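The values are calculated or read from the model by the stated rules, or taken from the named source; none is laboratory data. Just so it is clear, the model here is predicted, and its values are computed rather than measured. Don't worry about glycine lacking a Cβ; one is built from the backbone with ideal geometry, like all the others, and counts go over all protein chains shown.
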Amino acid sequence: MSIGAEQQPAELELVIRRIFDAELHLVWQVWTDPSHLQKWICPSGFVVTHVEGDLRPNGRWLTRMRSPEGAEHVCGGEYREIEAPTRLVFTHAWRDETGEFGHETLVTVTLKEEKSGKTAMHFRQTGFSSLESRDGHEDGWSGAFDTVARHLRSLAPKGGSRSLVLATPSDREITMSRTFNAPRDLVWRAYAEPELIRQWMTGPEGHTMPICEMDFRVGGAWRYVWRLTDGHEMGAGGLYREIVPTERIVHTERFDEDWTGGETVVTTIFEETRGETIVTTSILYSSREARDAVLKSPMEEGLAQCFVNLDALLERSK
């Protein structure tokens with residue numbers, strides 16, 4: 001049984017503060033997306049072998065890791081509070097040799113965006129049963145946060161260009177984030193006006209979009225057709241489910257050749273910060289198998305080139 005924070009002696013609290021050289025939305029993903037957690041959520045020298053999590057209040061999470069000596073360790077808990085992208089509260093306990101989870105502590109992670117584009121993290125863990133346990137966790141978390149810093153640096157844009165950040169928040173989803181050096185209303189227009197879409201959503205060099213039809217309203221239909229360099233055409237279409245001007249677009253999508261395993265639901269969110277716009281697109285697939293097939297396809301490379309095209313269009317439109 002854990003000790004309530006209000007009864008906690010100060011010496012049995014663990015507080016760690018870090019400044020990460022990364023934007024707020026990316027640090028949040030590193031804390032909540034299993035594909036990122038797999039890279040760092042263990043002490044230095046350990047290797048994460050499995051991560052799972054149901055990111056919602058009362059949802060469970062679990063991590064398996066292997067020590068340098070080869071021993072397996074398992075920790076887990078329950079999410080208590082989720083306020084994306086600034087606050088995460090969850091319980092934390094280690095599984096003992098009997099297979100049961102032992103003493104439970106409470107972790108609160110608070111993230112704050114700094115003016116410099118960095119993110120400040122305040123980490124607090126309460127409910128320790130002893131100073132020895134507190135100190136052991138401090139060593140473990142400190143090493144893990146060193147790994148976080150390295151992982152974030154590996155995700156940073158190279159050569160001054162802006163990178164596409166891809167994540168898999170659940171077994172049926174892909175989430176992609178990209179930052180554009182333009183105000184939100186300008187980026188919104190590039191997604192909402194057919195004459196602009198045809199200038200950037202073409203993919204690799206030499207591809208064109210001869211058909212771009214949009215009835216841009218809730219319940220309206222859309223259809224795109226791309227012509228590839230070999231003359232082959234690829235078409236897709238769907239219906240708009242939700243449109244919140246400059247903030248959010250939700251639509252269905254199905255390709256004519258149905259290489260994505262049926263209809264998908266695509267949600268695109270636009271957020272402006274310091275004159276730049278973060279576009280986050282989440283795609284929900286019909287099954288995990290369909291999602292995994294897309295991950296193995298050239299989709300990421302094609303979309304990255306689309307965004308390079310969009311960068312150029314936005315620069316011309318300023």
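Taking Glu100 and the conditions (1) under 25 Å from Leu12 (Cα atoms); (2) free of Cβ contacts under 8 Å to residues at least 24 places away in the same chain; (3) touching a strand residue (DSSP E or B) at 6+ places or on another chain (Cβ under 6 Å), which numbered condition does it fall short on, given that it satisfies the others?
For Glu100, the exception is condition (3).
For the range 247-266, check the following and say yes or no: at least one residue is charged (D, E, K, R), assigned by TED's automatic domain parsing to the domain that holds Pro169, in contact with a His (Cβ under 8 Å, 6 or more places away or on another chain) and assigned to a strand (DSSP E or B).
Start the filter on the range 247-266 by keeping residues that are charged (D, E, K, R), which leaves 247-248, 253-254, 256-258, 263.
Filter again for assigned by TED's automatic domain parsing to the domain that holds Pro169, leaving 247-248, 253-254, 256-258, 263.
Then drop every residue that is not in contact with a His (Cβ under 8 Å, 6 or more places away or on another chain), which leaves none.
Taking every residue of the range 247-266 in turn, none turns out to be charged (D, E, K, R), assigned by TED's automatic domain parsing to the domain that holds Pro169, in contact with a His (Cβ under 8 Å, 6 or more places away or on another chain) and assigned to a strand (DSSP E or B).
Return the residues of the range 58-104 that are of a type in the set (Phe, Trp, Tyr) and either over 18 Å from Ser170 (Cβ atoms) or assigned to a loop (DSSP other than H, G, I, E, B) (or both); say none if nothing qualifies.
Narrowing the range 58-104 to residues of a type in the set (Phe, Trp, Tyr): 61, 79, 90, 94, 101.
Hits for the range 58-104 are Trp94, Phe101.
Within the group Gly231, Gly262, which residue is touching a residue at least 24 places away in the same chain (Cβ under 8 Å), loosely packed, with under 15 Cβ neighbours inside 10 Å and small (Gly, Ala, Ser)? Working first, answer last.
Numbers: Gly231 fails: touching a residue at least 24 places away in the same chain (Cβ under 8 Å).
Exactly one residue qualifies, and that residue is Gly262.
Name the residues in the range 234-246 that are closer than 17 Å to Thr268 by Cβ, in contact (Cβ under 8 Å) with a residue 24 or more places away in the chain and not aliphatic (A, V, I, L, M), would you? Please lay out each step first, then the result.
Our first condition is that a residue be closer than 17 Å to Thr268 by Cβ; within the range 234-246, this holds for 236-246.
Subsequent filtering for residues that are in contact (Cβ under 8 Å) with a residue 24 or more places away in the chain retains 238, 240-243, 245-246.
If the condition is that a residue be closer than 17 Å to Thr268 by Cβ, in contact (Cβ under 8 Å) with a residue 24 or more places away in the chain and not aliphatic (A, V, I, L, M), then Gly238, Tyr240, Arg241, Glu242, Pro245, Thr246 are the ones that fit.
Do we have Gly219 as modelled with pLDDT of 95 or more and at negative phi here?
Answer is no for this residue.
Among (1) touching a residue at least 12 places away in the same chain (Cβ under 8 Å); (2) of a type in the set (S, T, N, Q); (3) under 30 Å from Glu272 (Cα atoms); (4) out of contact with any Leu (no Cβ under 9 Å at 6 or more places or on another chain), there is one condition Ser116 misses while meeting the rest; what is its number?
(1)
Confirm whether Ser170 is more than 18 Å from Trp40 (Cα to Cα), assigned by TED's automatic domain parsing to the domain that holds Gln38 and in contact with a strand residue (DSSP E or B) (Cβ under 9 Å, 6 or more places away or on another chain). Steps first, please.
Details: more than 18 Å from Trp40 (Cα to Cα): yes; assigned by TED's automatic domain parsing to the domain that holds Gln38: no; in contact with a strand residue (DSSP E or B) (Cβ under 9 Å, 6 or more places away or on another chain): yes.
Criteria not met by Ser170.
Let's see how each residue does on (1) among the polar types (S, T, N, Q); (2) part of a loop (DSSP other than H, G, I, E, B); (3) farther than 16 Å from Val308 by Cβ:
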{"position": "Arg150", "(1), (2), (3)": "no, no, yes"}
{"position": "Pro169", "(1), (2), (3)": "no, yes, yes"}
{"position": "Met176", "(1), (2), (3)": "no, no, no"}
{"position": "Asp185", "(1), (2), (3)": "no, no, yes"}
{"position": "Leu196", "(1), (2), (3)": "no, no, no"}
{"position": "Glu205", "(1), (2), (3)": "no, yes, no"}
{"position": "Ile211", "(1), (2), (3)": "no, no, yes"}
{"position": "Arg223", "(1), (2), (3)": "no, no, yes"}
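Taking the range 28-55, which residues are in contact with a Pro (Cβ under 9 Å, 6 or more places away or on another chain) and part of a loop (DSSP other than H, G, I, E, B)?
Within the range 28-55, Asp33, Gly45, Phe46, Leu55 qualify.
In the range 267-301, how many are part of a helix (DSSP H, G or I), modelled with pLDDT of 85 or more and loosely packed, with under 15 Cβ neighbours inside 10 Å?
3
Condition (residue is part of a loop (DSSP other than H, G, I, E, B) and farther than 30 Å from Asn309 by Cβ) applied to the range 129-145: is it met by at least one residue? Spell out how you get there, then give the answer.
Let us first name the residues in the range 129-145 that are part of a loop (DSSP other than H, G, I, E, B), namely 129-130.
Now drop any that are not farther than 30 Å from Asn309 by Cβ, which leaves 129-130.
Yes: the range 129-145 contains one or more residues that are part of a loop (DSSP other than H, G, I, E, B) and farther than 30 Å from Asn309 by Cβ.
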